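What follows is a set of notes on a single structure, which appears directly below.
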């Protein structure tokens, strides 16, 4: 008998929980209803947290200015938790329970790989700000005309660095980049940097590299790789890792007396207060945006001031202005299309020419596989007086390069 | 055979879950699929636990199953469903070879060794780029059933029912008696002539196969594998927490635990977008504190007035 | 082991170390520094496991919380982290007491798995709470002396990292003294060996557990403070330490504190050995786990069923 009761209770439990999940807005979007955008980010990570907040900021700005087509925008934010299956379920929810008109968001290629089959099922307008892996590009494929990718692919980032350094040595003839050493974290992010750079930079001289275990993955001891870099004595030392690696790398370089003429870091974000360290001075970096952009770009200034005012923190990652731009791109496309019809939206998106907070005027062109790629490269910046100055592309430059990297003793 | 109310209720549950896609949307189905992945892991882990062995090798076997399935589809063009089954078999073979060596170990030493082996698989796959995609992983040209949600759900459900059936069978069969004897007192079991090693090996192989199948399902339904996501530590402690929260040593426990935790986590994040995992962790802590025998255990105590359910003292150390 | 055998073994190890030292001195220097960090973090876990008999999966998170507290204390009051370490350790001792009284105490009668998952839940709560408060952006204190280096001939290496092996030795020495010479420590050892027996002879087992758990929390928090001087911290920084410590304690054998030091040394040096070959660094992860499996299996082969 007791087993029976348990079974009945179990049945009740299952029913209750499924009906609970059921609960959710099912209403159809009428003309007085807001236009719904659905965003998926890893909210526990600074990229996703600030990316989603910047997108919300853009939505609020647009609504305050009267909305789009006389309707308000509504952003529904879901957490991907950095898990592919959760990210995929979030897309399903946005598509079927929330009935959003547009998908946006994104960070982390492996989460995106899990979402791609679902995105393909709904074929709604999708504006993605993250996922740089070429595998994700292959998974999207060439016929997904509804897919608009803002972040440069891994090979495009590599390509932009080649262009950047060629331009820099062309303009500043004392800078020498004949011998390279790339220290890269052993995960997909670092490995992709290494593989693409090895091919791309082979024309630019002697290219060597080695992997290390990032502090983000429980590592943080770089002495071996730095020792090898020191032995190879490169003109330019690059590292591709995470923010947590930034300062320890410098400290350990100092400890073993490794002083390359160019010290370049390529993490997706920098630690708080990095700039205030004396070791940070004159480190080069790759990135898409820095607060210095405010000096030359009014959109960036508007974004920055609005973000600081709304959230009381400084945007610490370029995913913030990127997500902000994504919302404005969508807004302008809806205006041009005059409706929410997907075909019309895609055509309108293709005509985008949005002057973004990142500096670039965003348009969409085909990349290696997909039809609609937005930004095609990163920028080269340098830490100067605790601030990231943009060095290249020269059209956005806010400073000139300091060369060579000063020795450790002169700091 | 007399039709007991129990069987009727079982049948109703099965029918309801088969019919689930007709009254639930794609989102609910995808939650159900995620729940099932963790349910299979929790069930299989619990099956081995019944012998007294605590395995931390779930993620390792999950990853092997996922990679085997994807590699078999990509390199040999075998149909996806078949590769999931084959992936499970490959995992079983790996596990039985491992088991020959490591099943001698007990308690924490066994746990840490299974964990270490799982990590070793991940590092190997990570560092051999030409074989299995290295750090980037691999993508499939398409997902199973071309993304047809209905068929995919039923496939998952089939795997879940199969796992539940297997777990139930183990509870009822002769193996169960042998296993309980091992857990309760290994020395007595030895004296009674039970070939402990043989039974341990059988259970270890079968449960690893189930974990491999879960990995194959995951890989084929999302269409990719990467070392970091396919061998993710999430596949170790979350299923264990689910089994424990539902109630260990029973078949119903892991099932209920997986459903409850799986649904709660979806819920929490709707209401607390930033920081819902704090509450999730708190729920785990509170349930452990107030329901030390899990949900099923607590129900039995309530109904029965009994203080204990199953065997709650320590597995032999 | 016979005396001759032991002598032979230690002689062999010494000669091996000498060869490595002459051939590539950095392997030994960096290996010892690395081992020191491993050991100092693993020792408090070994203490809890040996006496309270729980695997604390929140071990690394406690390190992380200690590091964050040190960070905020240092930034707010302008203190050097090596000074801020002390008040933080006191606070963490109290936090350890609270955690023990509120949660762990109530699961000690339950199966050991309950404690495992309980601390897993605690780890999640701690990690995610810090994440919500401080965000996932790494935080760094810049302390100049951490890059202090020493040059001997051609060789330049950092000396600050020797703080880790030094701390490990101090912690080990302190703990051994505490367990062997003090009244509470002896009682704790008795509890570790046989809690029921200890209870019968009148030892307040619950109080011992409370002291040991809080002590271990304070110790791991000190390691968090030291870690902060060298590395950036972020909410997930502790996780890998939990697993590494657990593995080291298993390799050393439960209850053996000096064993943790030896296990760390073996792993630290062999990892840096492999890392010193360019391009094989990725495999150093395997060394760690292969060693652990090897040692556990060899020990089980010697007849002892573990």
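When the residues of segment C:252-280 are filtered to those that are buried (at least 23 other Cβ atoms within 10 Å of the Cβ) and under 29 Å from residue B:135 (Cα atoms), which remaining residue is nearest to the other protein chains (Cβ to nearest Cβ)?
Ranking the candidates gives C:275 first.
For segment B:90-100, indicate whether the set of residues that are crowded, with 24+ Cβ neighbours inside 10 Å and either within 14 Å of chain C (Cβ to nearest Cβ) or farther than 24 Å from residue B:179 by Cβ (or both) is non-empty.
Filtering segment B:90-100 down to residues crowded, with 24+ Cβ neighbours inside 10 Å leaves B:91-92, B:95.
In the following step, the residues that additionally are either within 14 Å of chain C (Cβ to nearest Cβ) or farther than 24 Å from residue B:179 by Cβ (or both) were identified as none.
Checked against the condition, which is being crowded, with 24+ Cβ neighbours inside 10 Å and either within 14 Å of chain C (Cβ to nearest Cβ) or farther than 24 Å from residue B:179 by Cβ (or both), segment B:90-100 yields no hits at all.
Is it the case, given these coordinates, that residue B:17 is within 12 Å of chain A (Cβ to nearest Cβ), in contact with a helix residue (DSSP H, G or I) (Cβ under 9 Å, 6 or more places away or on another chain) and in contact (Cβ under 8 Å) with a residue 24 or more places away in the chain?
Working: within 12 Å of chain A (Cβ to nearest Cβ): yes; in contact with a helix residue (DSSP H, G or I) (Cβ under 9 Å, 6 or more places away or on another chain): yes; in contact (Cβ under 8 Å) with a residue 24 or more places away in the chain: yes.
Considered against the rule, which asks whether it is within 12 Å of chain A (Cβ to nearest Cβ), in contact with a helix residue (DSSP H, G or I) (Cβ under 9 Å, 6 or more places away or on another chain) and in contact (Cβ under 8 Å) with a residue 24 or more places away in the chain, residue B:17 comes out as yes.
So which of B:145, B:162, B:121 is part of a helix (DSSP H, G or I) and within 14 Å of chain C (Cβ to nearest Cβ)? Steps first, answer last, please.
Working: B:145 fails: within 14 Å of chain C (Cβ to nearest Cβ); B:162 fails: within 14 Å of chain C (Cβ to nearest Cβ).
Exactly one residue qualifies, and that residue is B:121.
Given C:96, C:174, which one is more than 14 Å from chain A (Cβ to nearest Cβ) and within 30 Å of residue A:223 (Cβ to Cβ)? Outline the logic, then answer.
Working: C:96 fails: within 30 Å of residue A:223 (Cβ to Cβ).
After ruling out the rest, the residue left standing is C:174.
Among the residues of segment C:125-137, is any at the interface with chain A (Cβ under 7 Å from one of its Cβ atoms), assigned to a strand (DSSP E or B) and in contact with a strand residue (DSSP E or B) (Cβ under 7 Å, 6 or more places away or on another chain)?
Scanning segment C:125-137 turns up no residue that is at the interface with chain A (Cβ under 7 Å from one of its Cβ atoms), assigned to a strand (DSSP E or B) and in contact with a strand residue (DSSP E or B) (Cβ under 7 Å, 6 or more places away or on another chain).
Across segment C:9-32, what is the total count of residues that are surrounded by 12 or more Cβ atoms within 10 Å (Cβ to Cβ) and over 18 Å from residue C:263 (Cα atoms)?
Residues meeting the conditions: 5.
Which of the residues that make up segment B:124-141 are within 15 Å of residue B:60 (Cα to Cα), within 9 Å of another protein chain (Cβ to nearest Cβ) and crowded, with 22+ Cβ neighbours inside 10 Å?
Start the filter on segment B:124-141 by keeping residues that are within 15 Å of residue B:60 (Cα to Cα), which leaves B:124-126.
Next cut, within 9 Å of another protein chain (Cβ to nearest Cβ) only: B:124, B:126.
B:126 - this is the single residue of segment B:124-141 that is within 15 Å of residue B:60 (Cα to Cα), within 9 Å of another protein chain (Cβ to nearest Cβ) and crowded, with 22+ Cβ neighbours inside 10 Å.
Go through segment C:107-124 and give me each residue that's surrounded by 21 or more Cβ atoms within 10 Å (Cβ to Cβ) and more than 8 Å from chain B (Cβ to nearest Cβ).
Correct list: C:115, C:119.
Take the residues in segment C:90-112 that are more than 18 Å from residue C:215 (Cα to Cα) and part of a helix (DSSP H, G or I), then tell me which one is farthest from the chain's Cα centre (by Cα).
That would be C:106.
Can you say whether residue A:270 is closer than 30 Å to residue C:229 by Cβ and in contact with a helix residue (DSSP H, G or I) (Cβ under 6 Å, 6 or more places away or on another chain), as far as the supplied structure shows? Working first, answer last.
Details: closer than 30 Å to residue C:229 by Cβ: yes; in contact with a helix residue (DSSP H, G or I) (Cβ under 6 Å, 6 or more places away or on another chain): yes.
Yes: the conditions hold for residue A:270.
Only one of A:212, A:237 is away from every other protein chain (no Cβ under 13 Å) and surrounded by 24 or more Cβ atoms within 10 Å (Cβ to Cβ). Can you tell me which? I'd like the intermediate steps shown before the answer.
Values: A:212 fails: away from every other protein chain (no Cβ under 13 Å).
After ruling out the rest, the residue left standing is A:237.
Given the conditions (1) closer than 30 Å to residue A:265 by Cβ; (2) surrounded by fewer than 24 Cβ atoms within 10 Å (Cβ to Cβ); (3) within 14 Å of chain B (Cβ to nearest Cβ), which single one is not true for residue A:79?
(2)
Looking only at helices (runs of 4 or more DSSP H) that fall completely inside segment B:1-85, which ones have 1 or more residues that are closer than 30 Å to residue B:122 by Cβ? Outline the logic, then answer.
Details: elements: B:5-23, B:26-49, B:58-76.
Hits in segment B:1-85: B:26-49, B:58-76.
Would you confirm whether any residue within segment B:23-36 is surrounded by 24 or more Cβ atoms within 10 Å (Cβ to Cβ), within 25 Å of residue A:80 (Cα to Cα), more than 10 Å from every other protein chain (Cβ to nearest Cβ) and under 15 Å from the mean Cα position of the chain (by Cα)?
Taking every residue of segment B:23-36 in turn, at least one turns out to be surrounded by 24 or more Cβ atoms within 10 Å (Cβ to Cβ), within 25 Å of residue A:80 (Cα to Cα), more than 10 Å from every other protein chain (Cβ to nearest Cβ) and under 15 Å from the mean Cα position of the chain (by Cα).
Do the conditions hold for residue A:257, that is, is it within 12 Å of chain C (Cβ to nearest Cβ) and touching a helix residue (DSSP H, G or I) at 6+ places or on another chain (Cβ under 8 Å)? Please lay out each step first, then the result.
Numbers: within 12 Å of chain C (Cβ to nearest Cβ): yes; touching a helix residue (DSSP H, G or I) at 6+ places or on another chain (Cβ under 8 Å): yes.
Yes.
Working only within segment A:82-99, note down all residues that are touching a residue at least 60 places away in the same chain (Cβ under 8 Å) and surrounded by fewer than 24 Cβ atoms within 10 Å (Cβ to Cβ). Walk me through how you get there before you give the answer.
Of segment A:82-99, the ones touching a residue at least 60 places away in the same chain (Cβ under 8 Å) are A:93, A:97-99.
Passing the criteria: A:97, A:98, A:99.
Go through (1) under 30 Å from residue B:269 (Cβ atoms); (2) outside any helix (DSSP H, G or I); (3) modelled with pLDDT of 90 or more and name the single condition residue A:93 misses.
(2)
Might you let me know whether segment C:147-161 holds any residue that is in contact with a helix residue (DSSP H, G or I) (Cβ under 6 Å, 6 or more places away or on another chain), assigned to a helix (DSSP H, G or I), within 30 Å of residue A:230 (Cα to Cα) and without any contact (Cβ under 8 Å) to a residue 60 or more places away in the chain?
Within segment C:147-161, one or more residues are in contact with a helix residue (DSSP H, G or I) (Cβ under 6 Å, 6 or more places away or on another chain), assigned to a helix (DSSP H, G or I), within 30 Å of residue A:230 (Cα to Cα) and without any contact (Cβ under 8 Å) to a residue 60 or more places away in the chain.
Could you list all residues from segment A:176-204 that are in contact with a strand residue (DSSP E or B) (Cβ under 7 Å, 6 or more places away or on another chain), free of Cβ contacts under 8 Å to residues at least 60 places away in the same chain and within 14 Å of chain B (Cβ to nearest Cβ)?
A:184, A:186, A:190, A:191, A:194, A:198
Mind checking whether some residue in segment C:289-303 is more than 14 Å from chain A (Cβ to nearest Cβ), modelled with pLDDT under 90, more than 30 Å from residue C:126 (Cα to Cα) and not in a helix (DSSP H, G or I)?
Filtering segment C:289-303 for residues more than 14 Å from chain A (Cβ to nearest Cβ) gives C:290-303.
Filter once more, keeping what is modelled with pLDDT under 90: C:290-303.
Keeping just the survivors that are more than 30 Å from residue C:126 (Cα to Cα) gives C:290-291, C:293-303.
Those still in the list that are not in a helix (DSSP H, G or I) too: C:302-303.
Among the residues of segment C:289-303, at least one is more than 14 Å from chain A (Cβ to nearest Cβ), modelled with pLDDT under 90, more than 30 Å from residue C:126 (Cα to Cα) and not in a helix (DSSP H, G or I), which makes the answer yes.
The values are calculated or read from the model by the stated rules, or taken from the named source; none is laboratory data. None of these values were measured; they are calculated from a predicted model. Backbone-built Cβ (ideal geometry, glycine too); neighbour counts: all protein chains shown.
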